[in-house]
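The values are calculated or read from the model by the stated rules, or taken from the named source; none is laboratory data. Values in this document were obtained by computation on a predicted structure and should not be read as measured data. We place every Cβ from the backbone using ideal geometry, glycine too, and count neighbours over all the protein chains shown. Note: accessible area is taken over every heavy atom of the protein model, side chains too, but ligands, DNA and RNA are not part of it. Shrake-Rupley method; radii C 1.70, N 1.55, O 1.52, S 1.80 Å.
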Amino acid sequence: MRDDCKQQSWVAALAPFALGKYPVTRSQYAQLSGGAPEPGSTAQHPVVNVSWIDAVRYCNLLSLSQGLATSYAIAADGQAVTLLPEARGYRLPTEAQWEYACRAGTREPRYGELDDIAWYRGNAAGASQPVGLKAANAWGLHDMLGNVWEWCEDLYDPEVYGEYRVFRGGGWDDLERSCLVTNRRRSHPTFAIDDLGFRVARPA
């Protein structure tokens with residue numbers, strides 16, 4: 001793992017995990033949450049305008065819908081969130097999990113030619129696109145780069161940025177240089193925008 005802006009690198013150990021084949025879609029989000037927050041997209045577009053806190057709430061709802069213990073304790077104010085590390089339910093991937101899954105065994109900056117694998121400013125026609133239309137990586141995961149950025153579990157740099165969380169992958173309005181396996185961005189867990197979504201993970 002590395003952060004080019006901070007000129008830092010580190011090693012992360014991973015236990016076996018499963019990751020969603022696609023980003024969570026508008027229809028999946030609506031089914032559990034009672035509504036998707038963005039208008040004007042089809043059911044199979046990735047859900048966007050969801051904060052990190054919205055994403056962890058969805059993970060808990062998905063766990064409950066499948067009879068699993070929830071992975072997050074959410075305070076009564078709806079803001080303070082604690083990960084329950086022993087829980088076996090759904091959660092956001094760590095960024096190490098996300099990067100490992102995105103790479104799918106390659107050491108290249110992308111797992112294929114950009115136009116073949118990703119929606120970005122050069123081909124997305126100014127909007128997100130339905131999931132799964134671009135080629136998957138070697139492990140069958142679609143839209144890991146482009147289409148929407150994806151929230152991860154991790155704090156970015158708590159000493160400098162406090163509660164800011166990481167998101168990865170690049171989005172439909174990004175230039176080619178943003179759609180890289182190693183690219184990292186961050187924002188406050190209440191931040192939501194039209195090119196930021198998420199996918200779910202759980203322990204294998």
Review point. Starting at 0 and stepping by 10 Å, how many percent of the alpha carbon pairs of the chain end up in each bin?
Key: 9, 37, 39, 14, 1
Study note, to complete from the structure: The local net charge around SER63, scoring Lys/Arg +1 and Asp/Glu -1 for residues other than SER63 whose Cβ lies under 9 Å from its Cβ, equals +3
Practice item. Just order 143-153, 22-32, 104-114, 3-13 by mean Cβ neighbour count inside 10 Å, highest at the front, would you? Key: 143-153, 22-32, 104-114, 3-13
**Study point:** Residue-normalised accessible area of the chain, given per residue in Å² at a 1.4 Å probe
**Key:** 47 Å²
Check your understanding: Which peptide among 180-187, 135-142 comes first, and what is the full order, when sorted by highest mean count of other Cβ atoms within 10 Å?
Key -> 180-187, 135-142
Practice item. Using amide H atoms built 1.01 Å from N in the peptide plane, name the residues 5+ places from ALA18, or on other chains, whose amide H lies under 5 Å from its own. Key: ARG202, ALA204
Exercise for review: Quick one: among ASP173, ASP157, ASP194, which has the greatest mean-square fluctuation in a GNM of the chain with alpha-carbon springs under 10 angstrom?
Suggested key: ASP157
Revision key, fill the gap. With +1 at each Lys and Arg Cβ and -1 at each Asp and Glu Cβ, the charge dipole magnitude of the chain around its Cα centre, to the nearest 20 debye, comes out at 440 debye
Point to revise | Fluctuation leader among SER33, SER65, SER51 - the chain, Gaussian network, Cα springs under 10 angstrom | key: SER65
Exercise for review: Please list, in chain and number order, the residues 5+ apart from ARG186 or on another chain whose amide H is under 5 Å from its amide H, with Hs placed from the backbone.
Suggested key: PHE167
